[in-house]
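To start, the structure itself, in structure tokens.
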Amino acid sequence: MGAKKRKRFLAAIVTVCAGGFLAATMLSSSSQPSFRSQPIKKPVVNNSFTPLQLTGLPFFGGGVFDQNTPVYGMSVGGMVHQKEINGLSVAGIHAFNKKKSGLSFSLLDVCHESRGLSIFAAGGAERNYGVSAGFVNLAEHNNGLQLGLINQEKPDAVIENNFSQADPPQGFGVQTGLINYSEGKGLQFGLWNTNPNAWLKHFPLFNFAF
């Protein structure tokens, strides 16, 4: 084999090897996942509950967490509108809270279901299963204790059809105040007590209906 043929032969081998290496490299790279093309997954924030909810001033926006996030701990704000509060809640206005359990303080309180102790200037709950204390105290279904200057229990006493849910079975409640009015079963202690379903519809100091 001459010198020229040997050079051509070596050149051909080098060309074939280089082409094969390049093809293998391209094929290997195409079979690997392209990380740049993969979407970046953001961390998932668990909003199943929060130990603390802070809200703004009345009528100026919501809170740190969504109003549907249950609170297990403390809720503080000018106006608190939360689906569920379990613990301590302090607000200028408790506005249409779905469920409230624990201890709460406010000037105005409107709640669907109240369990625990609620202290306010005026307000009430559609369903009271705890102690509700205020100067003007309203309830649609009182199955706990109402303490106030004026206590009232009657259908649609809070806000008519506000929560659009079926009424619970009639329970047994207690009212203590200067003027008490109830259309449900229970005891009344006050200066003047009225219950249209009682044996004595109007009676001072004490009245009852079973």
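The values are calculated or read from the model by the stated rules, or taken from the named source; none is laboratory data. Fair warning: this is a prediction, and the values are worked out from it, not measured in the lab. Here the Cβ positions follow ideal geometry from the backbone for every residue, glycine too, while neighbour counts run over all protein chains shown. Quick note on the areas: whole protein, heavy atoms, side chains included, nothing else; ligands and nucleic acids left out. Shrake-Rupley method; radii C 1.70, N 1.55, O 1.52, S 1.80 Å.
Less than 5 angstrom separates the built amide H of THR69 from those of LYS83, all sequence-distant by 5 or more or on a different chain.
Taking label positions 7 Å along the Cα-Cβ direction at both LEU88 and PHE105, the computed distance is 0.9 nm, reported to one decimal. Largest to smallest in accessible area, the residues ILE85, ILE119, ILE93 fall in the order ILE119, ILE93, ILE85 (1.4 Å probe, all protein chains included). Accessible surface comparison of THR50, THR55, probe 1.4 Å, protein chains only, largest first: the order is THR55, THR50.
In this structure the amide hydrogen of VAL131, modeled in the peptide plane, comes within under 5 Å of the amide hydrogens of GLY116, LEU117, SER118, LEU145, none closer than 5 places in sequence on its chain.
Please work out the FRET efficiency for the pair PHE189 and SER48, using the Cβ-Cβ distance as r and a Förster radius of 35 Å; give the result to the nearest 0.05.
Here the calculated transfer efficiency is 0.25.
Peptides 107-118, 135-146 ranked from most to least packed by the mean count of surrounding Cβ atoms within 10 Å: 135-146, 107-118. Applied to region 113-127, the Karplus parametrisation 6.51 cos²θ - 1.76 cosθ + 1.60 on θ = phi - 60° returns per-residue 3J(HN,Hα) values of 10, 10, 10, x, 10, 10, 10, 7, 7, 8, x, x, 9, 5, 10 Hz, with x for Gly and Pro.
A full extension of the chain between ALA121 and LEU178 corresponds to an added length of 19.0 nm, given 0.36 nm per residue minus the alpha carbon distance.
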